[in-house]
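Inspection log for the structure reproduced underneath, given as structure tokens.
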Amino acid sequence: MIKKIKDIFKNLKLTFYKKKKLKIGLYGPPNSGKTTLANRICSDLLSIEYKLGTVSNIAHETRKIGLKEELTLKINNKTLKFDLIDTPGIATRIDYEKFMKLGMSEKESKQRAKEATKGVIESIKWLDNMDIVVVVLDSTKNPYDQVNLTIIGNLEARKIKTLIVANKVDLKSSKLEKIQEAFNKYKVIGISAKFSRNMDEFYELLLKTSRGI
């Protein structure tokens, strides 16, 4: 009888594990390519062109959480079901004057800065819901930026499974090895979300990262 009860609980555990749908969040500094990656993932997995968010060269284009539910990744008979969350870029300081220098009016700039600040707060709050966080970094920039270190530190404190993406490897100024050096405790993969470079490897690593959750 005891053995049967144990078997029942074991089967229930397996059932719950198979049914569990994960939440995967894209985090990183502004203009690292989070939304470009989100759009790429959605388009690849849905087999249609899909835009979860708008892409812009101006920082903080994404100022609200973007959510796409019920995505399914299948590789070699292995399946990962998840909700994808695209978050506003994390920044330690948002200055409205920077937007004015890009041609926005003072009113527009202040509104954008206000919305961007609210978006950062919302992004941090959403961390408590994440099963996996994909940290998207611009591989052409210095990885030791205070924002990057703050994001990684928060993930370590919360013990959230983390995968680091070095985006924009299509650019000549890309320095993938510097990001790998800076965050050698983590799995780091170089991709170009814009041109779909190394996306198959990214999906395989994402599936591997999800194991055991």
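The values are calculated or read from the model by the stated rules, or taken from the named source; none is laboratory data. Bear in mind the structure is a predicted one, so any value in this text is a computation, not a measurement. Here the Cβ positions follow ideal geometry from the backbone for every residue, glycine too, while neighbour counts run over all protein chains shown.
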Under 7 Å by Cβ, and 6 or more places apart or on different chains, what pairs join a residue from the stretch 62-83 that is among the β-branched types (Val, Ile, Thr) with one that is assigned to a loop (DSSP other than H, G, I, E, B)?
62/53; 62/88; 62/89; 65/87
If the Cβ limit is 8 Å and pairs must be 6+ apart or interchain, which residue in the stretch 166-183 that is free of Cβ contacts under 8 Å to residues at least 60 places away in the same chain and closer than 16 Å to residue 33 by Cβ pairs with which residue that is of a type in the set (D, E, K, R) and surrounded by fewer than 20 Cβ atoms within 10 Å (Cβ to Cβ)?
169/197; 170/194; 170/197
In the stretch 64-90, anything out of contact with any strand residue (DSSP E or B) (no Cβ under 7 Å at 6 or more places or on another chain), surrounded by fewer than 20 Cβ atoms within 10 Å (Cβ to Cβ) and under 27 Å from residue 174 (Cβ atoms) is listed as 75
Taking residue 33, is it within 20 Å of residue 212 (Cα to Cα), modelled with pLDDT of 90 or more and small (Gly, Ala, Ser)?
no
Over 26 Å from residue 92 (Cβ atoms), at pLDDT below 95 and polar (S, T, N, Q), is that true of residue 210?
yes
Out of (1) in contact with a helix residue (DSSP H, G or I) (Cβ under 8 Å, 6 or more places away or on another chain); (2) assigned to a loop (DSSP other than H, G, I, E, B), the one residue 163 does not meet is (2)
Test: residue 85 is at pLDDT 90 or above, in contact with a helix residue (DSSP H, G or I) (Cβ under 7 Å, 6 or more places away or on another chain) and either within 18 Å of residue 28 (Cα to Cα) or assigned to a helix (DSSP H, G or I) (or both):
yes
Is there a residue being in contact with a Ser or Thr (Cβ under 8 Å, 6 or more places away or on another chain), at pLDDT 80 or above and over 23 Å from residue 194 (Cα atoms) anywhere in the stretch 9-27?
yes
